[in-house]
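To keep things clear, I will list the structure first and then write my remarks on it.
None of the figures in this text is laboratory data; all of them are computed from the coordinates on show. All of these numbers come straight from a predicted model, not from anything done at the bench. In this analysis, Cβ positions are derived from the backbone assuming ideal geometry, glycine residues included, and neighbour counts consider all displayed protein chains.
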Amino acid sequence: MKLLQPDILPKHFAMMDEIETDMKTIYRTLVFTPELQATTLLQRYYAAIQHLRDVLSFKNAQQEAQTEEEARAYLTHLEEAMELMVEEIRSGVCIGNAVDLFRMFRSVAPEAAARHPNRYRDTLVQVGAYLAPESRLIDGLVHELFSLLPTIPHPLIRGIWLHHELIRIHPFVDGNGRIGRMAKNWLLMYELYPPIFIYGLSDRRRYIRYISESFRELEDQPDVFHPSTQTFFEDELRRVKASTGFLLARLLRDVDHDFGDEDRDLKPYAKD
């Protein structure tokens, strides 16, 4: 397997401009609002961020669980992983090496981590039609991944690339999807973007379709940024835009305003 090289990644996607506009509006509103109103706005903003964090854990658990009981167990572990990430961000630490990755493994999939302490998987794994790299290659690929990560200038593209390539390497015996999505959000939140998640069934199908197609096409042509890979990156950016739009709406609307249910707040954006 050859990693998707940063030098073939697009430097810019159109959706990034909309995301940056939202983020500037959010921080401009918080910084330049008169003192008494600013306190209320900050509380509203914090509540909205907390909501997105809670939804991220729930949706991430829902994404992979086969039963309600399994989803509850996943949710407990994901909430613990979220607290780990937030504490590290407060300390000025962003995910940046294999040690951080193993810490995520122990938080997200503690039973698997107890059976395979501080070890990558030692078996072949197939993800749909894609065969993940042999176990003997994993350590070198993870080292290369974290060596290349800082060379990607924009944090949005950096986070999406990290997610895409971690899932592609599939380093652990269990929990790879959850770990990849949480690792991406650690990086995004460290860079002051909101957390993002796969919204619902339609979005989940779209996510699986394009990440699977991207993996297959990269196996055949590893030095090409394929249309399926482009679509995967664009969909991830739409998920960021959904989160920034949600934060902005919660910040700017009247605190007593009825926001409606989550479907209307988060504005489903997947296109079939």
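Points to keep in mind about this one:
- Going by neighbour counts of Cβ atoms within 10 Å, the residues Ile89, Ile179 line up, fewest first, as Ile89, Ile179.
- Electrostatic tally near Gly180: other residues with Cβ closer than 10 Å to its Cβ, Lys and Arg +1, Asp and Glu -1, net +3.
- Between Glu35 and Glu80, the contour length at 0.36 nm per residue exceeds the alpha carbon distance by 12.8 nm.
- The separation of the range 38-59 from the range 91-151, counted between C-alpha centres, amounts to 30 Å.
- Equivalent-ellipsoid semi-axes of the range 119-228, from the Cα gyration tensor, Å, largest first: 21, 18, 15
- With an a/c value of 1.5 or above and a/b not larger than b/c for the gyration tensor axes a ≥ b ≥ c computed over the alpha-carbon atoms, the range 81-168 is described as oblate.
- Using all pairs of distinct alpha-carbon atoms, the Kirkwood hydrodynamic radius of the range 6-254 works out to 18.9 angstrom.
- Within the range 112-158, the proportion of Cα pairs with more than 14 Å between them is 65 percent.
- Extension gain from Glu69 to Ala129, taking 0.36 nm per residue of separation minus the Cα-Cα distance: 18.8 nm
- Total formal charge among the other residues, if their Cβ is under 15 angstrom from that of Cys94, Lys/Arg +1 and Asp/Glu -1: 0
- Shape analysis of the range 132-184 places it in the oblate category; the axes a ≥ b ≥ c from the Cα gyration tensor give an a/c of at least 1.5, with a/b not above b/c.
- When the Cα atoms of the range 1-137 are aligned to their principal axes, the ranges along those axes come out at 59, 41, 30 Å in descending order.
- Whole-Å semi-axes of the ellipsoid equivalent to the range 68-115 (Cα gyration tensor, √5λ, descending): 21, 14, 6
- Cβ-based exposure ranking for Ile167, Ile208, in which fewest neighbours within 10 Å come first: Ile208, Ile167
- Tilt relative to the chain, helix 227-252 - C-alpha long axis, 0 to 90 degrees, to 10: 30 degrees
- Structural descriptor for the range 6-254: relative contact order 28 percent, calculated from alpha carbon pairs under 8 angstrom and at least 6 residues apart.
- Packing-based exposure ordering (other Cβ within 10 Å, fewest first) of Val240, Val125, Val99: Val99, Val125, Val240
- Spin-label zone in the range 46-84 - amide nitrogen under 11 Å from a point set 7 Å from the Cα of Ser91 along the C-beta vector: 84
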